[in-house]
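Working notes for the structure below.
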Amino acid sequence: MERAEEETPRIGVFVCHCGINIGGVVNVPKVVEYAKTLPNVVYAEDNLYTCSSEGLSKIKEGIGKYNLNRVVVASCTPRTHEPLFRATCEETGVNKYLFEMANIREHCSWAHMHEPEKATEKAKDIIRIAVAKARLIQPQKEPEIDVTPSALVIGGGVAGMTAALSLAEQGFRVHIIEKEPELGGTLRHLHKLYPTMQDASDALNQIIKAVESNKNIEVSTSTTIKEVKGFIGNFEATVQKVNGEAANLRVGTIIVATGADIFEPIGMYGYKEYGNVITQLQLEQLLKDGQLKKWERVIMIQCVGSREEKGRTYCSRICCMTALKNAVLIKELLPDTDVYILFRDLQTYGGRYEDYHRMAQDRGIKFIKYLQEKPPTVVSAENGKLTVNVYHALLGEQVTISGDLVVLSTPLTQHENAKELSQFLKVPLGSDGFFFEAHVKLRPIDFATDGIFVCGTAHSPKDTAESVSQALGVASRAAIPMAVKRLRTEAITAMVNENLCSGCGTCVKLCPYGAIEKDAKGVARVTEVMCKGCGVCGASCPEKAISMRHFTDEQVTAQALAALGRLTA
Amino acid sequence: MTFEPRIVGFLCNWCSYAGADLAGVSRISYPPNIRIIRLMCSGRLDPVIILETLAGGADGVIVMGCHPGDCHYVEGNLQAERKIRMLKKLIARTGLEPERLRLEWVSASEGGRFAELVKDFTSQLKKLGQSPLAEEKPDTKILAGVLAAKATAADFRLRVLVGKEKGLIEDANVYGEKVPEEELDKTMEEAIDAEYLRNRIYLMTKDEPLSVKELSKRLDLDPKAVLRHIVVMRRRGLVAIDRVEGTTPFYTALKVE
Amino acid sequence: MESEKAVLVIGGGIAGIQASLDLAGRGLKVYLVESSPSIGGRMAQLDKTFPTMDCSMCILAPKMIECFRHPNITLLTYSEVQEVSGKAGNFSVKVLKKPRFIDETRCTGCGECAQHCPIEVYNEFDMKLGIRRAIYVPFPQAVPLKYTIDDEHCIKCRLCQKTCRAEAVDFNQQPQTISLSVQAIIVATGYELFDVQRLSEYGYGRYKNVLVSLEFERLLSASGPTGGHLLRISDGRIPRKIAFFQCVGSRSLKGGVSFCSSACCVYATKEAILVREHVPECEVYIFYNDLKVFGKGFQEFVTRAKDDWGIKYIRALPGEVIEDSKTGNLTLWYEDTIENLTKDMKVDLVVLCPALVPRVASKELASVIGLELDENGFFKSKDPLFAPIDTNVPGVFTCGYCQGPKDIPESVAQASGAAARAAEVIALGASREAH
């Protein structure tokens, strides 16, 4: 039962004492009297604690008795109690956006405790500003959208499959699309996983079996994305198989789990030049296939193509432990083989990896620290051996080691399809080439675009346990909109006046959420459910064709002039 | 009695408004001269509103947003910065002191900083004196300038330049070209100059038809420059010849649809 | 009897908060139990967070407020879990709500009471560097914003009661036992600092100018005991040379813990940058062993610290610290492993970065629930690789630092993961009921 909001505003002002927090400094009764003199204010009263149940009842009473259709509460900061007061208005039939707050505590009584007269005058001004806006605000609706309760997981590696399994167990339908002919991702190429040394293939096969037997999960291999349209709850993805078969998937959420590629150190340390310089991944394959030679000495070099001054500046997190693991495996199989690890800083972080490092040392694996500015060199020697020259940072002298195998630890890098996918989904890549999350600290697996999430090495280099944690994380994030089935989106959104829009496209580029597009006529169109109401488009539009609901130019200007003592007619 | 500056503050909901809250929560005292208006983002603030506020007699206007990198809406604060940079250049031409407009970054935990800024701005404005537009009888010359500035800030050309600034600079990066920020700056300065003068001319010729000579006198501008603007404005349909006296045409502003 | 679908979250730090918000956001009921008077955990004590240098409270506070306001979340602060029985899908929990001596339904958080309380106490929030009253909120943005009377220090003068206009003070309040019925439990109890006083060579506790990192963080914070002005607590002087010691009580087999706390190299870098921001003339040295830069953005952060901020990293772990008792200044001895020299350095302040260890209280909680702990006191994962969030007790999940050393983004992601697992348990229960 909503009151007719197109009528003349009838504003009620409720001024709070907040015990003596406001009342002890500001002359509340005087302020109430002043409020009554303001245009369109038909009622004003004071309360001891407006946020208390008594205070809220008085608001409801006032609305009913005086036929109020706008409410102003002058009390504390809106950042805490605005939702409470808005809810109170709604319960009494006043649209929650017909409510305005005047902050006369944090911004007034508490800051000017020793100047009660000035604080009182300021309080009057603050209320006048609130009333100026209250006279112009209109009821707003929070658009609701239905959410398709199914998810699209792009990438069938351990991260994608873990996310899919969790979502399936939670009762949602999941489509996994995987570009390779089989599921598994990077784990297919690994031998043992640290620090437990469990077999990668065994673990992988168990997960694949679970995925394939889950009736909520549909898997499509040799499949890639061709196009993605829509927004949260209503995505439409066109996927295509290698043989050209295309399909349209209607999903509510999308999860990016496309993994990463591994850097090939061409031109570095004799890679591809000398036959016995290989990468950790290639060593992994040799270990998996049982193709070890009776090497006398194996030398591993860390940070090859990572932690650089320019380019791949990042640390790839997993290479130190991978080297340690493979070194330990070599020692197990070839106890007489000498293994050296040349490192810059050993990334043996967390609860278990330091112990693993100690164990590796106990097994006789030798560690040599080198400096970034004095990297090792690898040259070919006689009878197929390699000579590695390195400045031993802790001994402070050049050391020469002769070995039959050099293993280069290289970083994970951006997946070859990441750029294309980022364009399809309109989600950003970071400067390191990996997908860029909504907020580095508090929204690490969300994208800024609602309804799309990221996990695993597509986000950044990480190991299996970390990928699994993130994958379970996105399973929760994606489940939220799908579980509530209907989403309420922001009411304070941008509106385009099509008659004024000249199609310059400025707003389209400025919107951080991709919520504005030019339609077939070249006119800007706001997808309201994607708009967050920041107002940048409205403030920038060269034709003044965009206005911001609940923060119109008229309203803000009225507040500014009210601050100076002027109330527009 | 020393004059008390009237400061209007536009604060963003997520950072600076919360910072102002914290100043209160921490009971930090500061001068009671500021009146705060809450926006969701500092990027919401249309330069026209700032000019309206200054024209309305505010002694100072302070805009506060989140520190770069912290904006709740990704980069709204950086957009605010671009607008205010343009605005300060514009205000400088009106005769109003550009120091009356400030842009500051205040985070939600910087209650102390908020209070310091208000203290600082208040004392700065006390020294500067009351705004020439604030008294009972505002300075007509400066007011005319600020109104022309308002019209300029509402005009297509400057708004599109400011709005596209980021895009122009960043797209250049994609092709590896040197960032032409200096070039863009120069273009902006020229555009501000030109459009401001055109709006001054428009408002003046709205009051009464004027000749190039008269306009040149009032604007303290070379007649050749004035004529160039008149030519552009005629093409844009903003002015037309009202009458000719001897060999001297008098121009009048045309109503724009 | 069909019980409402609910999850118990133990621990109100960022991990507990994230898990609670995820669960509540999808329509499930959450009981968030926190032993201190306010949620927020360690993140509330931080000034800025690495590597973005976000203001910690600014990004945390909206989430805390959301927890408070969310209709599906019941906050049980100043409370502890006493008993847990049952199994996945059907746990019975008894929570002890400690008496605050304040009626939470009446307290509006206005703070008049604290203005009148005559007792001053060194506050836990500022690591005992700052002061609060016996009636207090731990920090201004506390959620819930309700006062608490610290029974240990209160002298029962009742001034607070006399001043409170909302009549919220209740000295007769008793501990309350609340019985809950939940389908799943998430443990997110976080960490505390290793007690460095045990390592006498650094002089912590004896020398006034040897601090631990969290104390130093409070000194740097705008909301801290010095208002964010970098001063030595001992004499109020501004330090001109500060040394950070990494790995204190870490990665060591003698007298410490063997694991790496993962966050210290970067948070020391963060604090070092804050020092240079506050006092540009202050020299900062970070003494480290292996620089842990494995996280997203960490290496670039450290590079900026070196190149842009002039922070010096020395690969050495100082052996001993001696104090000049007259000035309070410190001399430290170290073996520079790169230059191969033994050196000494005189500094104004030493900041120890100690191991971050699971809270001692987790041991008790583990026995209450029947959870296994590993040798370092972290909650043991059912499978460290493929089920890191599951514990040995089905239906009980763990996330955040108490599961293993990690930073904020990893805690947040893992917390969502715990929410997903809990939701799976509930979905399983629902489908069982349906059949």
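Restricting to the stretch C:8-35, give me the number of residues that are within 29 Å of C:Lys292 (Cβ to Cβ) and in a loop (DSSP other than H, G, I, E, B).
3
If you scan the stretch A:87-112, which residues turn out to be crowded, with 20+ Cβ neighbours inside 10 Å and farther than 18 Å from A:Gly23 by Cα? Working first, answer last.
Looking only at the stretch A:87-112, we keep the residues that are crowded, with 20+ Cβ neighbours inside 10 Å, and these are A:88-89, A:94-95, A:97-112.
Answer for the stretch A:87-112, where residues must be crowded, with 20+ Cβ neighbours inside 10 Å and farther than 18 Å from A:Gly23 by Cα: A:Thr88, A:Cys89, A:Val94, A:Asn95, A:Tyr97, A:Leu98, A:Phe99, A:Glu100.
For the stretch A:420-474, name all the residues that are at positive phi and away from chain C (no Cβ under 13 Å).
Result: A:Lys426, A:Gly451.
Quick check on my filter: what residues within the stretch C:339-353 are loosely packed, with under 14 Cβ neighbours inside 10 Å and out of contact with any Gly (no Cβ under 6 Å at 6 or more places or on another chain)?
Of the stretch C:339-353, the ones loosely packed, with under 14 Cβ neighbours inside 10 Å are C:339-344, C:346.
Across the stretch C:339-353, the qualifying residues are C:Glu339, C:Leu341, C:Thr342, C:Lys343, C:Asp344, C:Lys346.
Would you be able to tell me the number of residues in the stretch B:99-143 that are of a type in the set (Gly, Ala, Ser) and part of a helix (DSSP H, G or I)? Before you say what the answer is, go through the steps one by one.
As a first pass, look at the stretch B:99-143 and keep what is of a type in the set (Gly, Ala, Ser): B:107-109, B:111-112, B:115, B:123, B:129, B:131, B:134.
Going one step further and asking which of them are part of a helix (DSSP H, G or I), we end up with B:111-112, B:115, B:123.
So the count comes out to 4.
Out of the residues in the stretch A:483-501 meeting the condition of being more than 24 Å from A:Pro139 (Cα to Cα) and under 27 Å from the mean Cα position of the chain (by Cα), tell me which one is farthest from the other protein chains (Cβ to nearest Cβ).
Within the stretch A:483-501, the match that is farthest from the other protein chains (Cβ to nearest Cβ) is A:Lys485.
A:Glu490 versus (1) over 30 Å from A:Cys303 (Cβ atoms); (2) in a loop (DSSP other than H, G, I, E, B); (3) in contact with a strand residue (DSSP E or B) (Cβ under 9 Å, 6 or more places away or on another chain): which is the lone unmet condition?
A:Glu490 satisfies all of (1) over 30 Å from A:Cys303 (Cβ atoms); (2) in a loop (DSSP other than H, G, I, E, B); (3) in contact with a strand residue (DSSP E or B) (Cβ under 9 Å, 6 or more places away or on another chain) except (3).
Out of A:Ala545, A:Ala524, A:Ala520, I need the residue that is more than 28 Å from the chain's Cα centre (by Cα), crowded, with 20+ Cβ neighbours inside 10 Å, among the small types (Gly, Ala, Ser) and more than 30 Å from C:Asp22 (Cα to Cα). Which one? Write out each step before concluding.
Numbers: A:Ala524 fails: more than 28 Å from the chain's Cα centre (by Cα); A:Ala520 fails: crowded, with 20+ Cβ neighbours inside 10 Å.
Result: A:Ala545 is the single residue among A:Ala545, A:Ala524, A:Ala520 that is more than 28 Å from the chain's Cα centre (by Cα), crowded, with 20+ Cβ neighbours inside 10 Å, among the small types (Gly, Ala, Ser) and more than 30 Å from C:Asp22 (Cα to Cα).
Taking B:Phe10 as the residue in question, decide whether it is at the interface with chain A (Cβ under 9 Å from one of its Cβ atoms) and either modelled with pLDDT of 95 or more or at negative phi (or both).
Working: at the interface with chain A (Cβ under 9 Å from one of its Cβ atoms): yes; either modelled with pLDDT of 95 or more or at negative phi (or both): yes.
The answer is yes for B:Phe10.
If we keep just the residues of the stretch C:21-58 that are closer than 30 Å to C:Ala434 by Cβ and without any contact (Cβ under 8 Å) to a residue 60 or more places away in the chain, which is farthest from the other protein chains (Cβ to nearest Cβ)?
Once the filter is applied, the top-ranked residue is C:Leu32.
Name the strands (runs of 3 or more DSSP E) wholly inside the stretch C:249-351 in which the number of residues that are within 24 Å of A:Phe343 (Cα to Cα) and of a type outside the set (Ser, Thr, Tyr) is 2 or more.
On the way: elements: C:283-288, C:312-315, C:320-323, C:330-336, C:341-347.
The strands (runs of 3 or more DSSP E) meeting that bar are C:283-288, C:312-315, C:330-336.
Do we find that A:Lys179 is at pLDDT below 95, over 23 Å from the mean Cα position of the chain (by Cα) and either in a helix (DSSP H, G or I) or away from every other protein chain (no Cβ under 11 Å) (or both) in this structure?
Working: at pLDDT below 95: no; over 23 Å from the mean Cα position of the chain (by Cα): yes; either in a helix (DSSP H, G or I) or away from every other protein chain (no Cβ under 11 Å) (or both): yes.
In short, no.
Report the residue count in the stretch A:433-445 for those that are over 18 Å from C:Cys58 (Cα atoms) and surrounded by fewer than 21 Cβ atoms within 10 Å (Cβ to Cβ).
Initial filter on the stretch A:433-445 (over 18 Å from C:Cys58 (Cα atoms)): A:433-437, A:445.
Imposing the further condition that a residue be surrounded by fewer than 21 Cβ atoms within 10 Å (Cβ to Cβ) reduces the set to A:433, A:436.
Qualifying residue count, the stretch A:433-445: 2.
Of the residues A:Thr224, A:Thr238, A:Thr258, only one is in contact with a Gly (Cβ under 8 Å, 6 or more places away or on another chain) and not acidic (Asp, Glu); which? Show your work before the answer.
Values: A:Thr224 fails: in contact with a Gly (Cβ under 8 Å, 6 or more places away or on another chain); A:Thr238 fails: in contact with a Gly (Cβ under 8 Å, 6 or more places away or on another chain).
Among A:Thr224, A:Thr238, A:Thr258, only A:Thr258 is in contact with a Gly (Cβ under 8 Å, 6 or more places away or on another chain) and not acidic (Asp, Glu).
Hey, among C:Gly328, C:Gly429, which residue is more than 28 Å from C:Gly297 (Cβ to Cβ), away from chain A (no Cβ under 14 Å), out of contact with any helix residue (DSSP H, G or I) (no Cβ under 9 Å at 6 or more places or on another chain) and not aliphatic (A, V, I, L, M)? So that I can check it myself, show each step before the final result.
On the way: C:Gly429 fails: away from chain A (no Cβ under 14 Å).
Among C:Gly328, C:Gly429, only C:Gly328 is more than 28 Å from C:Gly297 (Cβ to Cβ), away from chain A (no Cβ under 14 Å), out of contact with any helix residue (DSSP H, G or I) (no Cβ under 9 Å at 6 or more places or on another chain) and not aliphatic (A, V, I, L, M).
For C:Tyr191, indicate whether it is farther than 20 Å from C:Gly40 by Cα and in contact (Cβ under 8 Å) with a residue 40 or more places away in the chain. Spell out the reasoning first.
Numbers: farther than 20 Å from C:Gly40 by Cα: no; in contact (Cβ under 8 Å) with a residue 40 or more places away in the chain: yes.
Taking the combined requirement at face value, the residue does not satisfy it.
Going by the structure shown, is A:Lys241 more than 12 Å from A:Val407 (Cα to Cα) and in contact (Cβ under 8 Å) with a residue 24 or more places away in the chain? It would help to see each step written out before you state the result.
Working: more than 12 Å from A:Val407 (Cα to Cα): yes; in contact (Cβ under 8 Å) with a residue 24 or more places away in the chain: no.
Considered against the rule, which asks whether it is more than 12 Å from A:Val407 (Cα to Cα) and in contact (Cβ under 8 Å) with a residue 24 or more places away in the chain, A:Lys241 comes out as no.
For the stretch C:1-43, what are the residues that are touching a Ser or Thr at 6+ places or on another chain (Cβ under 7 Å) and modelled with pLDDT under 95?
Residue satisfying the conditions is C:Ser3 alone.
Just to be sure before I move on: is C:Lys363 of a type outside the set (A, V, I, L, M) and in a loop (DSSP other than H, G, I, E, B) in the structure I sent?
Considered against the rule, which asks whether it is of a type outside the set (A, V, I, L, M) and in a loop (DSSP other than H, G, I, E, B), C:Lys363 comes out as no.
Only one of these is loosely packed, with under 14 Cβ neighbours inside 10 Å, away from chain C (no Cβ under 14 Å) and small (Gly, Ala, Ser): A:Gly384, A:Gly403. Name it. Working first, answer last.
Values: A:Gly403 fails: loosely packed, with under 14 Cβ neighbours inside 10 Å.
The unique qualifying residue is A:Gly384.
Looking at this structure, is A:Leu38 touching a Leu at 6+ places or on another chain (Cβ under 9 Å), under 29 Å from A:Ile492 (Cα atoms) and part of a helix (DSSP H, G or I)?
Working: touching a Leu at 6+ places or on another chain (Cβ under 9 Å): yes; under 29 Å from A:Ile492 (Cα atoms): yes; part of a helix (DSSP H, G or I): no.
Taking the combined requirement at face value, the residue does not satisfy it.
Whether any residue in the stretch B:125-138 is under 24 Å from B:Gly24 (Cα atoms) and at pLDDT 95 or above is what I want to check. Break it down stepwise before answering.
Initial filter on the stretch B:125-138 (under 24 Å from B:Gly24 (Cα atoms)): B:125-126.
After this cut, where a residue has to be at pLDDT 95 or above as well, the list is B:125-126.
Yes, some residue in the stretch B:125-138 is under 24 Å from B:Gly24 (Cα atoms) and at pLDDT 95 or above.
Give me a count of the residues in the stretch A:339-368 that are facing chain C (nearest Cβ under 8 Å) and outside any loop (DSSP other than H, G, I, E, B). Steps first, please.
Here is the first cut: in the stretch A:339-368, the ones facing chain C (nearest Cβ under 8 Å) are A:345-355, A:358.
Right, trim to outside any loop (DSSP other than H, G, I, E, B) and you get A:353-355, A:358.
Qualifying residue count, the stretch A:339-368: 4.
Which of the numbered conditions does C:Ala418 fail, given that it passes all the others? Conditions: (1) outside any loop (DSSP other than H, G, I, E, B); (2) at the interface with chain A (Cβ under 9 Å from one of its Cβ atoms); (3) surrounded by fewer than 16 Cβ atoms within 10 Å (Cβ to Cβ).
(3)
Quick check on my filter: what residues within the stretch A:311-329 are more than 13 Å from A:Gly433 (Cα to Cα), within 13 Å of chain C (Cβ to nearest Cβ) and of a type in the set (Val, Ile, Thr)?
Answer for the stretch A:311-329, where residues must be more than 13 Å from A:Gly433 (Cα to Cα), within 13 Å of chain C (Cβ to nearest Cβ) and of a type in the set (Val, Ile, Thr): A:Ile318, A:Thr322.
Filter the stretch A:408-431 for residues that are touching a Ser or Thr at 6+ places or on another chain (Cβ under 7 Å) and over 15 Å from A:Ala257 (Cβ atoms) and give the result.
The answer is A:Leu408, A:Ser409, A:Thr410, A:Pro411, A:Lys426, A:Pro428, A:Leu429.
Please state which one of A:Glu106, A:Glu100, A:Glu117 is at the interface with chain B (Cβ under 8 Å from one of its Cβ atoms) and among the charged types (D, E, K, R).
Details: A:Glu100 fails: at the interface with chain B (Cβ under 8 Å from one of its Cβ atoms); A:Glu117 fails: at the interface with chain B (Cβ under 8 Å from one of its Cβ atoms).
Residue meeting the stated conditions: A:Glu106.
Report whether or not A:Ala539 is crowded, with 22+ Cβ neighbours inside 10 Å, within 31 Å of the chain's Cα centre (by Cα) and not in a strand (DSSP E or B).
On the way: crowded, with 22+ Cβ neighbours inside 10 Å: yes; within 31 Å of the chain's Cα centre (by Cα): yes; not in a strand (DSSP E or B): yes.
Judged against the criteria, A:Ala539 is a match.
Step by step: first the residues of the stretch B:181-215, then only those that are closer than 16 Å to B:Lys150 by Cα and hydrophobic (A, V, I, L, M, F, W, C), then the one that is farthest from the chain's Cα centre (by Cα). Which residue is that?
Narrowing the stretch B:181-215 to residues closer than 16 Å to B:Lys150 by Cα: B:191-204, B:206.
Adding the requirement that they be hydrophobic (A, V, I, L, M, F, W, C) leaves B:191-192, B:194, B:197, B:201, B:203-204.
Numbers: B:Ala191: 14, B:Ile192: 11, B:Ala194: 15, B:Leu197: 15, B:Ile201: 18, B:Leu203: 17, B:Met204: 20 Å.
Filtering first and then ranking leaves B:Met204.
Where residues in the stretch A:133-151 are outside any loop (DSSP other than H, G, I, E, B) and farther than 17 Å from A:Phe14 by Cβ, which of them is nearest to the other protein chains (Cβ to nearest Cβ)?
Selected residue: A:Ala151.
The values are calculated or read from the model by the stated rules, or taken from the named source; none is laboratory data. A quick note: this is a predicted structure, and the numbers were derived from the prediction, not measured. We place every Cβ from the backbone using ideal geometry, glycine too, and count neighbours over all the protein chains shown.
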